[in-house]
Amino acid sequence: MKHAPQHRGCVMRRGMLSTRLFLILIGCCISVWYTDASELDVRLVGGDRCSGRVEVQHAGRWVGVCNHAWGVSDAHVVCRDLGCGLASSHGGVSDRLTGPPPLWLSHVKCVGNEARLKRCSHTFSRNCTNHTDVGVHCSRAPILTLPSSYNVFSAGEAVNFICTVLNGHKPVSFHLYKRGTGTPLVTQRVENGQKSVELTLSDLETSHQGSYSCVYSIWGNLLSQLHSSQSNSINIIVVDLHTPQIWYNTSQDTPAGWVFKGSSFNITCTTQPHYPGGSFQLRLIRPNGTVRHSLPALSSSVTFSFPSAQALNEGYYCCLYKVQLGERMFTSRESQPLPVSIRDTDPLLSPMVISLLVSAVTFVIATGIMLISFRMLCRRKKKLAELERESRTCEYSTNSAGRPVIPLPFHSLQCLRLTGVDNTYVVLTTIK
Ligand SMILES: *[C@@H]1O[C@H](CO)[C@@H](O)[C@H](O)[C@H]1NC(C)=O
């Protein structure tokens, strides 16, 4: 019981091992087939590069191809393999080899869309003769052209390619491929065997930069489409100029946007990416005209130096980036305007002096207010004290004279009012 799981594990491991061995074996077979196949090569003899008798390289020499089971699908693959479009005819050849080659490629069976003849199933045979050799006439690869005289484009633009089939076929569609991608970026169907078509790649981005080629396709067997070999390739460049940034610095500490007359200041323009041969243009907009300065963009930023600021340096500064690529001039948008105001360095007007003055005045006013309130407070206190003393005096005087007491508020007021006379007795008799 205890050993059973171990045993089962062992069986499983064995099973996995055999699966792995099987996979390795298959891998070996594939690689052997592949390696063997990669030794094969194909050529057309007795005509030109794209027509003639078919020969394949085998074990270091060229051998013929036997017409056993040879068909148009096989001929298409030969033409594609040679970069010659698709086959326009296939069959026997007039120009035959004289000496009997000992070996032929035989029973070639292509589906029609294989990239190389060597990918199709085949055998080798010694039972063929020079009269069974096959020949192929290819239509040649399509031709890709750019109607524009330039190949540098700005981001957002569209590029029109033209793909043309030279002869032989009635294409059903054309495809534009970017090198390194397996699926076409543009596909255009055509009617009535149109030989030439415009393939438009619109709204260009920098990722579209690269090498392009086109392919046409025709109807194959079973309503499948057969693709030709690729055309020549055309490289396009996509330029995306960003709006430059602008800022300034000055040798003196000033509020934003100020530069003191006579002091030095620098205006810096920067952008990404930059191209060889680019330049920065600095534009100063003033009420009485525009001034332009230009400096080559040796790096992604450039500094315009102004050693001594003058009134004529005042205005709004903008920068832009320009570059000539191919025969086209590309210009970025202008940066945000940067206002620069040239100020006199008069110390009376300098902000430090102004702030000192303001502080001093505030101090004086505050002190004055404090003094006045303090004095008012003192006087009030003193008056209250006096009032109390006087009223007491009044009451005392009244009482000592044996007269009836005067109601207090009135009495106090009288006393207060006549305190200045400094004679209580007189006051009281006056009231009576
Ligand atoms: C302006 O730039 C120059 C060199 O580019 C530098 O020597 C100078 O110190 C700069 N001046 C200021 C105010 O930053």
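The values are calculated or read from the model by the stated rules, or taken from the named source; none is laboratory data. Predicted model, so just to flag it, every value in this text is computed and none were measured. Glycine also receives a Cβ, built like all others from the backbone with ideal geometry; neighbour counts cover every protein chain displayed.
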Give Ser224, Ser202, Ser228 a once-over and let me know the one that is away from the ligand (no atom under 16 Å from the Cβ) and in contact with a strand residue (DSSP E or B) (Cβ under 6 Å, 6 or more places away or on another chain).
-> Ser228
How many residues does the stretch 40-84 contain that are more than 13 Å from Asn113 (Cα to Cα) and either under 49 Å from the mean Cα position of the chain (by Cα) or not small (Gly, Ala, Ser) (or both)?
-> 27
In the stretch 261-277, is there at least one residue being without any contact (Cβ under 8 Å) to a residue 24 or more places away in the chain, more than 24 Å from the chain's Cα centre (by Cα) and farther than 30 Å from Ile143 by Cα?
-> no
Does Leu295 meet the test of being among the hydrophobic types (A, V, I, L, M, F, W, C), in contact with an Asp or Glu (Cβ under 9 Å, 6 or more places away or on another chain) and assigned to a strand (DSSP E or B)?
-> no
Note: among Leu176, Leu146, just one is more than 30 Å from Glu55 (Cα to Cα) and in contact with a Leu (Cβ under 9 Å, 6 or more places away or on another chain), namely Leu176
Being exposed (fewer than 14 other Cβ atoms within 10 Å of the Cβ) and among the small types (Gly, Ala, Ser) is the filter; apply it to the stretch 114-143 and report the residue that is nearest to Ser51 (Cα to Cα).
-> Ala115
Quick one: is Gly180 within 20 Å of Asn151 (Cα to Cα) and surrounded by fewer than 16 Cβ atoms within 10 Å (Cβ to Cβ)?
-> yes
Do we find a residue being over 54 Å from the mean Cα position of the chain (by Cα) and not β-branched (Val, Ile, Thr) anywhere in the stretch 182-190?
-> no
Which listed residue is among the hydroxyl-bearing types (Ser, Thr, Tyr) and modelled with pLDDT of 95 or more, from Thr145, Thr181, Thr206 = Thr145
Looking at the stretch 312-341, which of the residues that are aromatic (Phe, Trp, Tyr) and surrounded by 17 or more Cβ atoms within 10 Å (Cβ to Cβ) is nearest to Pro273 (Cα to Cα)?
-> Tyr321
Per the filter on the stretch 256-285, residues of a type outside the set (S, T, N, Q) and farther than 27 Å from His242 by Cβ are Trp258, Val259, Phe260, Lys261, Gly262
Filter the stretch 153-167 down to the residues that are farther than 18 Å from Val186 by Cβ and of a type in the set (S, T, N, Q), then identify the one that is surrounded by the most Cβ atoms within 10 Å (Cβ to Cβ).
-> Ser154
Considering residues that are surrounded by 15 or more Cβ atoms within 10 Å (Cβ to Cβ) and either away from the ligand (no atom under 15 Å from the Cβ) or not small (Gly, Ala, Ser) (or both), the number found within the stretch 248-274 is 14
The stretch 248-260: number of residues that are over 20 Å from Ser335 (Cβ atoms) and either in a loop (DSSP other than H, G, I, E, B) or without any contact (Cβ under 8 Å) to a residue 12 or more places away in the chain (or both) | 5
